[in-house]
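Worksheet: the structure to be examined is printed underneath.
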Amino acid sequence: MIELPFFHGLPVGVLGLGSSGVAAARALQASGAEVWAWDDNEDARARAAERGLPLVDLQRCNWQEPTSLILSPGIPHSHPAPHPVVELAREAGAEVIGDVELLGRAQPDARYIGITGTNGKSTTTALLGHMLQLCNVDAQIGGNIGLPVLELAPAGNSGTYVLEMSSYQLELTFCITFDVAVLLNITPDHLERHGGFDGYVAAKKEIFRRQTSPRTAIVGLDDDTCRAIHDELAAAGDQRVIGISAEREVPGGVYVIDGVLYDELDGPRVATMDLHEIASLPGRHNWQNAAAAYAAGRACQVAGAPLTASIRSFSGLPHRQERVAAIEGVAYVNDSKATNPEAAAKALASYPTIYWIAGGRPKEGSLEPCLPHLDKVAEAFLIGEASEPFAAELEGKVALQRCGDLATALAAATVAARRDGKPNPVVLLSPAAASFDQFTSFEQRGEVFRRAVEAIPGEREEEAV
């Protein structure tokens, strides 16, 4: 646990008692702060009280006392409207910050690597942490993935924090200047929380705040928005800027052509490895993740050979194109973390014959990113609140069934995949929608899928698909 001695004896509000909020409250409590913990959800308050956290209704307290409000990233502080507690805190002059800000204040001498992007940041963060650890770098992973940051160990001046940073977290983190900052890609997402696409882009660019040489910015060049950001940073010349790509050559950068990872950081390009050989990183989007992680490792002064060796042992992330099993010739892939169409499109591009389970609570926008890949979809099986809007977009383009729930969809997809006799069939859960209509999280949705697949009778196969 991270100690926060600068709050000793002071009242501090904590709003939102999910995993990161509880971790912040516990760290503050252990550091001698007077914790005022609150959550709008009664069950969350009850669980916090059972863990010994003092509850104070932050909408009815005296905001002249606390100096700070520690806000969970899922709670709005600007758009579409600030939470009432945020307004009260600001009116009283209290700062509104997140738990990553507390980590930065408590561990100012550590090295910080921040990774953001609309898609791929979890895989890239996990991959980079894995690579650095195998290369004998004292690295810990946290942020929007894994442990809440205040449950990590102190790093001192010799350790590295590899942090997945959402746009919400970036807006609540002010003191950290990332030694290595990675921006993978930007496509429209969470627009209601940022007042539109421009606000979302501005939040993502916060990853580069105050960077100066020798700090490094690593930017994906496979979408127009990030290419413009790369060019803007390179023209300013404040920090080292490395371009990465999964589809084009990048002079002086790291890139993938036809699955081969090239390193051009030190002069003539060097072919380092064939990513087709890495079963845990299927598809072009994962090639971009690998290029970004490799470039970040090189920016940490690690040689290329041990980095590529460590990539080979990466097992992948749960719920992100996770191969659950192959049963009677049908592979089952859990991509529950694909909560928007852009993420689902990346999975659809990765397999030749797909029985696609999609749906949930739809986000803004359409399935348009998925449409170019429908030639690989043998049939779609729709679930949740998105069933009708998704059916309206897919009707006439691909065979589909309205299944209602995940269990029904999995059963129907299994029947179809076995019946059709097409080569290399994959039953793919890649919802292109949030989980909150039928599940508490994408993790729960993925676990339900995994358990249901494990219960399917038939001969299991060991070979990867």
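The values are calculated or read from the model by the stated rules, or taken from the named source; none is laboratory data. Everything numeric in this text was worked out from a predicted model, so none of it was measured. Virtual Cβ from ideal backbone geometry, glycine too; neighbours counted across all protein chains shown. Surface accessibility is based on the protein's heavy atoms, side chains included, excluding ligands, DNA and RNA. Shrake-Rupley method; radii C 1.70, N 1.55, O 1.52, S 1.80 Å.
What the table shows:
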item	result
Rounded accessible area per residue of the chain, 1.4 Å, Å²	39
Cβ-placed point charges (K, R +1; D, E -1), dipole of segment 180-296 about Cα centre in debye, nearest 20	460
Histogram of C-alpha separations across segment 1-124, 10 Å bin width, %	13, 43, 33, 11, 0
Relative contact order (%) - the chain, alpha-carbon pairs under 8 angstrom, separation at least six	11
Which of A94, A347, P82, positive extreme of dipole for the chain (C-beta unit charges)	A347
Kyte-Doolittle mean at least -0.5 and Cα axial length at least 20 Å: DSSP H helices in the chain	406-420
Sequence of T118, T67 from largest to smallest accessible area, 1.4 Å probe	T67, T118
Hydrodynamic radius of the chain per Kirkwood, over alpha carbon pairs, in Å	23.2
Cα-centre dipole for segment 191-251 with unit charges at Cβ (Lys and Arg positive, Asp and Glu negative), debye to 20	380
Longest to shortest principal axis, alpha-carbon extents of segment 232-347, angstrom	53, 30, 24
Column: log10 I(q)/I(0), Debye, Cα scatterers of segment 367-456, q = 0.15, 0.21 Å⁻¹	-0.58, -1.14
Stretchable slack from E87 to D266, in nm (0.36 nm times residue separation minus alpha-carbon distance)	59.4 nm
Virtual spin-label span in nm between R361 and F197, 7 Å along Cα→Cβ	2.5
Surface accessible to a 1.4 Å probe, H319 within the full protein complex, Å²	10
Accessible area of the chain belonging to carbon and sulfur atoms, whole % at 1.4 Å probe	49
Three-way shape label, segment 305-345, alpha-carbon gyration tensor, a/c 1.5	oblate
Unit charges at the beta carbon, dipole of the chain: most positive-side option, Q444, F178, A48	F178
Potential extension, S19-D375 segment - 0.36 nm per residue separation minus Cα distance	124.1 nm
Of all DSSP beta bridges in the chain, antiparallel share, percent nearest 5	20
Segment 257-322 shape via C-alpha gyration tensor axes, a/c threshold 1.5	prolate
Cα-based shape type of segment 308-404, given that a ≥ b ≥ c are square roots of the gyration tensor eigenvalues and the cut on a/c is 1.5	prolate
Theoretical gain in end-to-end length, N41 to A411 [0.36 nm per residue, Cα-Cα removed]	129.7 nm
Ellipticity estimate at 222 nm from DSSP helix runs (n ≥ 4, -39,500 (n - 2.57)) divided over the chain, nearest 500	-9500 deg cm²/dmol
Modelled label reach - S158, point 7 Å along Cα→Cβ, segment 109-138 residues with backbone N closer than 13 Å	137-138
Whole-Å semi-axes of segment 18-63's equivalent ellipsoid (Cα gyration tensor)	15, 14, 8
Probe 1.4 Å - accessible area at E368, Å² to nearest ten	120
Computed over segment 148-211: relative contact order in percent, which uses C-alpha pairs under 8 Å that are six or more apart	38
21 Å Cα cut-off, lysine pairs counted over the chain (separation 8 or more, or different chains)	17
Förster radius 35 Å - calculated FRET efficiency between Q301 and E232, Cβ distance, rounded to 0.05	0.85
Estimated FRET transfer efficiency (E65, L147; beta-carbon r; R0 30 Å; 0.05)	0.50
